[in-house]
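Structure record follows, encoded as structure tokens.
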Amino acid sequence: MRHLLVFAERDDAEEVAEALGERFPALEIPQVVRETLAGEDDAEDAQWLVVLEGLEEDRLPEVDALVEDHDGWREPG
């Protein structure tokens, strides 16, 4: 299943992606991308996403705690 971890700041997204790579070495490397909306002119307020694929459901509480520590949240992708 795919999950999107959402952050306001790029630094938070990158830090979480790095931490996930270290904690879950078998996991596909999380990608950090900028959220863009169709027709949106100003990307300044766009959020940062960490795209997470292939994580086992029983590990989600650990991911949620890490994400919340960085002022983010998780959404199904």
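Quick note: the coordinates plus some simple rules give every number you see, no bench work behind them. Please read all numbers here as calculations on a predicted model, not as lab measurements. Glycine also receives a Cβ, built like all others from the backbone with ideal geometry; neighbour counts cover every protein chain displayed.
Data for the structure
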read-out	value
Added length on full extension, which subtracts the Cα-Cα distance from 0.36 nm per residue, residue 11 to residue 62	16.4 nm
Relative contact order for the chain, counting Cα pairs under 8 Å that sit 6 or more residues apart, in percent	49
Spacing of the two label points (7 Å from each Cα toward its C-beta) at residue 51 and residue 1, in nm	1.9
Contour minus Cα-Cα distance for residue 35 and residue 69 (0.36 nm per residue)	10.2 nm
Calculated log10 I(q)/I(0) by the Debye sum over Cα atoms at q = 0.13, 0.18, 0.22, 0.26 Å⁻¹ (choose from (1) -0.74, -1.05, -1.21, -1.23; (2) -0.36, -0.66, -0.95, -1.28; (3) -0.35, -0.68, -1.04, -1.47), label	(2)
